[in-house]
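A.B. asks: Take a look at the following structure, please.
The values are calculated or read from the model by the stated rules, or taken from the named source; none is laboratory data. Just so you know, these numbers come straight off a predicted model, no measurement behind them. Backbone-built Cβ (ideal geometry, glycine too); neighbour counts: all protein chains shown. Just so you know, the surface numbers come from the protein's heavy atoms only, side chains and all, with ligands and any DNA or RNA stripped out. Shrake-Rupley method; radii C 1.70, N 1.55, O 1.52, S 1.80 Å.
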Amino acid sequence: MDYTSDGDSELEAYGSDTYALLLSGDIEVMNDEGLYRCPFCSDEKDDYNKYDLLQHALGVGAAHDQQVKDKVDHRALAKHLKDDEPAKSHSPLLQPIVIDPQPPQHNRDDLFVWPWMGIIVNMPSEYVGKSANRLKEHFSRFYPVKVHHVYSKGRPTGNAIVEFGKDLVGFRNALTFENQFENEGYGKIGWQEKEHGGPEPFGWIARADDYNAPGAIGDFLRKNGDLKTADGVEDEETMKNNKLVASLSFKVIETDMHIRELKSVYQERTASLKRMMEQREQQLQSYNQEIQKMQQLSVEHTKTIVDENKKLRLDLQSMTHELDARSKQIDELAAQTDCDRRNLELEKQRNAMKFNHLTLAEQEYQKADENVLKLVEQHKREKETALNNIKKLNEKLHLTHKLQLDIKHLTGKLEVIKLTPGNETSESGKRIAELTEELRDKIEEMDYTENYNQDLIVQEKKTAVELQEARKLAIDEVIREDDKKLQELKEEYGEEAYTAVTTALTELNEHSSSGSRVSFPEMWNYKEGRKAKTKEIVQHVIKLAKASKKGR
């Protein structure tokens, strides 16, 4: 036979060797389930019937894009599958099997070998010592479980044992197997009548006499089976099924009662959690309203500070203009009398000195104003930081509540799954493991969230203390006698100028409840170095009026 298109003699020899291995059964084509699989395609995982495997082998053997070795192997497989077709013969082993649709009858007291086994004797030589899969394939319509060659002293006897399983379906298949041989005259009775001779194979179901018979077949049956009646096996299966049904029914009732209790507890917990969530929503809403109120107050407070600063700046400018006007008025009155001129000159100098002092005070005020603005800006940033921390804390608290609810829900769900009947499968065990791992992760996340909340609370308290100290430091700012500018003023203008400036700053601090040193107009007695009394103010006004009349 030519296995290759190029006629290479070495490849032809290789193909012959592959065919010999297939024929001897060393290379298996059919598995224990009676399905075919290509032994040369390592990546092939599909099962075939015999016709489809033959088409596969022919296709690969004729393909031009395959390796020569693969083509030779598949051609040998195709030849083996073709040659494996049973030849025409009168033997029932080699003829097509026709299954009787009516199940054969048997005596209720008959003892059979269990697991149910069929016996084949006087097999054709082409089956003796070959792969048992060939016999299993031939009897595949009877759904055999396994096929065994019978050996005696290590040599094949030409007999075989066919196993059909342990259930009643297998028993029916074994009886049908026996009936097939009986209908053709090749059953146990035919074998005994022909006195164990002839070219044809014979077959029947193994019974008590076969079990107790001497020889290789009896030894195999006693080693691998027991004697039972079909009704006894059926009664055993019925009893086992009844016990199983009763046990499962009791377990279902018990589990159902427990599930009802769990459902009741679950409903109570669900109602409690619902009330807790409603309370939490109310608290969160109240908290958000309070936060919005605080933000609104902060905006209004900042606007008030800015407006006050503008007003103070305008007041200072107004006082400066008023002093300029008084200086001009004094200049006009100075020409009226020599005596008044000297007094007016002195008053003018004092006014100029006071103006200088006020200028210094204004500079000091501007510096304080800048500090106030910086403080307001810092206060704004710190408040935003505090609000962000509060928001984060609120989110973490919300996450903590959610984790607590998830933990309770997962715990209840895991308990229900563990107690629900029918959860002994690997898939249910995997689900329980997943829920347990998820519950452990939720608990670890909740512990981390609680630690983080504590850190935020400590940080918030620390920020509040620092902010309070900064406010106190800015509001309680006082005049320092060793201030560099004040010392320079004292050295340049003397003790009187130094006293006037410190007095003005002291009065600004005394009359400003907010600590912002707001300037204000006030009548002054320069001779006494103090505030003018009401009587002195009236007398001075009358004096200025008389001087004005004389000038006219």
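A.B. asks: Out of the residues in the stretch 1-46 meeting the condition of being more than 20 Å from residue 69 (Cβ to Cβ) and at pLDDT below 70, tell me which one is least open to solvent (accessible area, probe 1.4 Å).
C.D. replies: So the residue we want is 34.
A.B. asks: While we're here: Among the listed residues 94, 77, 81, 111, which satisfies the condition of being over 23 Å from residue 225 (Cβ atoms) and modelled with pLDDT of 85 or more?
C.D. replies: 77
A.B. asks: When you look at residue 291, is it open to solvent by less than 70 Å² (accessible area, probe 1.4 Å), touching a helix residue (DSSP H, G or I) at 6+ places or on another chain (Cβ under 6 Å) and touching a residue at least 40 places away in the same chain (Cβ under 8 Å), yes or no?
C.D. replies: Answer is no for this residue.
A.B. asks: On to the next question. Of all residues in the stretch 118-131, which are under 26 Å from residue 209 (Cβ atoms) and either buried (at least 18 other Cβ atoms within 10 Å of the Cβ) or modelled with pLDDT of 85 or more (or both)?
C.D. replies: Within the stretch 118-131, 118, 119, 120, 121, 122, 123, 127 qualify.
A.B. asks: Residues that are touching a Ser or Thr at 6+ places or on another chain (Cβ under 8 Å) and at pLDDT 75 or above: does the stretch 97-107 have at least one?
C.D. replies: No, the stretch 97-107 contains no residue that is touching a Ser or Thr at 6+ places or on another chain (Cβ under 8 Å) and at pLDDT 75 or above.
A.B. asks: Just to verify a result, which residue in the stretch 307-333, among those that are within 60 Å of the chain's Cα centre (by Cα) and touching a residue at least 40 places away in the same chain (Cβ under 8 Å), is surrounded by the fewest Cβ atoms within 10 Å (Cβ to Cβ)?
C.D. replies: 308
A.B. asks: Sort out which residues of the stretch 403-420 are open to solvent by 30 Å² or more (accessible area, probe 1.4 Å), without any contact (Cβ under 8 Å) to a residue 40 or more places away in the chain and not polar (S, T, N, Q), and write them in order of number.
C.D. replies: Of everything in the stretch 403-420, those that are open to solvent by 30 Å² or more (accessible area, probe 1.4 Å), without any contact (Cβ under 8 Å) to a residue 40 or more places away in the chain and not polar (S, T, N, Q) turn out to be 406, 409, 413, 417, 418.
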